[in-house]
1. Sort out which residues of region 239-279 are outside any helix (DSSP H, G or I) and closer than 17 Å to residue 203 by Cβ, and write them in order of number.
2. What pairs can you find where one residue is in region 134-160 and more than 13 Å from residue 122 (Cα to Cα), the other is at pLDDT below 90 and surrounded by fewer than 16 Cβ atoms within 10 Å (Cβ to Cβ), and their Cβ atoms are less than 8 Å apart, with a gap of 6+ or different chains?
3. Out of region 303-327, which residues are within 24 Å of residue 360 (Cα to Cα), open to solvent by 40 Å² or more (accessible area, probe 1.4 Å) and of a type outside the set (Ser, Thr, Tyr)?
4. Restricting to region 350-374, what's the tally of residues that are free of Cβ contacts under 8 Å to residues at least 12 places away in the same chain and part of a helix (DSSP H, G or I)?
5. Output the residues belonging to region 80-139 that are crowded, with 17+ Cβ neighbours inside 10 Å and not in a helix (DSSP H, G or I).
6. Could you go through region 194-205 and let me know if any residue there is at pLDDT 90 or above, assigned to a helix (DSSP H, G or I), crowded, with 18+ Cβ neighbours inside 10 Å and not hydrophobic (A, V, I, L, M, F, W, C).
7. Given the conditions (1) in contact with a helix residue (DSSP H, G or I) (Cβ under 9 Å, 6 or more places away or on another chain); (2) surrounded by fewer than 16 Cβ atoms within 10 Å (Cβ to Cβ), and given that residue 360 satisfies all but one, which numbered condition is not satisfied?
8. Mind telling me which of the residues 166, 154 ends up being part of a helix (DSSP H, G or I), open to solvent by less than 60 Å² (accessible area, probe 1.4 Å) and of a type in the set (S, T, N, Q)?
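The values are calculated or read from the model by the stated rules, or taken from the named source; none is laboratory data. Note that the structure is a prediction, hence the values are computed from the model and not measured. Cβ placement follows ideal geometry from the backbone for every residue including glycine, while neighbour counts extend to all protein chains displayed. Accessible surface areas use protein heavy atoms only, side chains included; no ligands, DNA or RNA. Shrake-Rupley method; radii C 1.70, N 1.55, O 1.52, S 1.80 Å.
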Amino acid sequence: MSSTSVLLAEAEAFGVDNTEEREAIYRQILETSKSTVNPDQLRDQETALVKLGELYRDQKNAQGLAEVVTISRSFLSSTAKAKTAKLIRNLLSLFNGIPNSQQTQISVLNDNIDWAKREKRIFLKQSLETRLISLQLETQQHKPALALIETLLTELRRLDDKMILTEVHLLESRVYRGIGNLAKAKSSLTSARTAANSIYCPPQLQAALDLQSGVLHAEDKDYTTAYSYFFETFENLSSQDDPSALGALKYMLLCKVMLNLPEDVNSLLSIKLALKYAQLRDVESMRAVARAHQTRDLAAFEQTLRDYREELSSDPTIRSHLAALYDTLLEQNLLRIVEPYSVVEIEYVAQQVGQGRQDVEAKLSQMILDKVFHGVLDQGRGCLLVFDEAETDDTYGAAIETLEEVSKVVDSLYAQVRYTLYYPRSSLMPSVGQSVKIA
């Protein structure tokens, strides 16, 4: 047994709490193996790198993990490119267990991309750039993400790498959706699906494509189609025990609420695939939203948003649609209050809906402009004057149509008179309604 193997066994013998001793041993393995080319020692060194990375992940030490990634490049520069790329990707994936480490990851990725360019490791560079785009999307750095996507797509089309091309087009669609350009988001998603149709698409990537399709249909208010895509995603991810299946389930519940079918939420959560998620706080938040929407209770809806702030506000898709739902509920409550009156104080309306007077006044003004109801805000008196909907009077339209017909008759008679003046003996007189062109 080599010395590095003994050191690894010694590190494993320490308990989980002895982090300093294990860290020292792992670093000792990396130091003592630099000058050797023994395959067994290289394998032990690779194991020590991964173990040290996992140790820093458990400690939430992003800087330490970044240092491990840098160390991995120095001793693997002489090994196979595929092995190096796999190890670096595995180490970078450990950042997922460290919260609020996006900026550190971006710095590490930029450093490794530069190294991959110098070493001419094209496929590793493209893989790292794809991950960098994903991080830039998470941190809402849309402009640099689009610039990197444009450069990367040019390279990928030249190499005809359909797998990474599909991933990058999907990221492009998500970036465009993030900046509100839905037309280009749909175009990029179509390109991603076109590229995916020519290769074997892994289940994870197929689920991501379906999820993005559902999100874009939901943006178009086509919640029925969006629900079907979210259901496909949920089935796909649940079959693999992927934790991201919970997000697809929340989107499904959101679609039921937005379709004014809040009573279907409980029945949806009773299906076999959804049972294991039914008691989670994320699902309970959507159940509370459905209850508030079913009773049209604005106060309960606001309380739900406060109680489940983290679960409902962290996802931009859910946040935007719930904002629209809140606006609809406020509008419905205002209509219910003002409809019985012809004159009502704005202060009274604000008290009934539990909102500030300025917010209620602004909403009532918007509703009047949108012709949700007919009325006028009398700010001097602090009142809202509500009018009955004016009945449509067709008298003016009928009068205009009559005048148009009379005009046609007069024009025809005028044409006959002029024809008679020019050709008095002709028997070929035009009939009424027939136009004659006189030069």
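1. 239, 240, 241, 242, 243, 244, listed by residue number.
2. From region 134-160, the pairs are 139/103.
3. Of everything in region 303-327, those that are within 24 Å of residue 360 (Cα to Cα), open to solvent by 40 Å² or more (accessible area, probe 1.4 Å) and of a type outside the set (Ser, Thr, Tyr) turn out to be 303, 305, 306, 307, 309, 319, 323, 327.
4. Selection size over region 350-374: 9.
5. Once the filter is applied, which keeps residues that are crowded, with 17+ Cβ neighbours inside 10 Å and not in a helix (DSSP H, G or I), region 80-139 yields 98, 101, 121.
6. no
7. Looking at each condition in turn, residue 360 falls short on (2).
8. 166 is the lone residue from the list that is part of a helix (DSSP H, G or I), open to solvent by less than 60 Å² (accessible area, probe 1.4 Å) and of a type in the set (S, T, N, Q).
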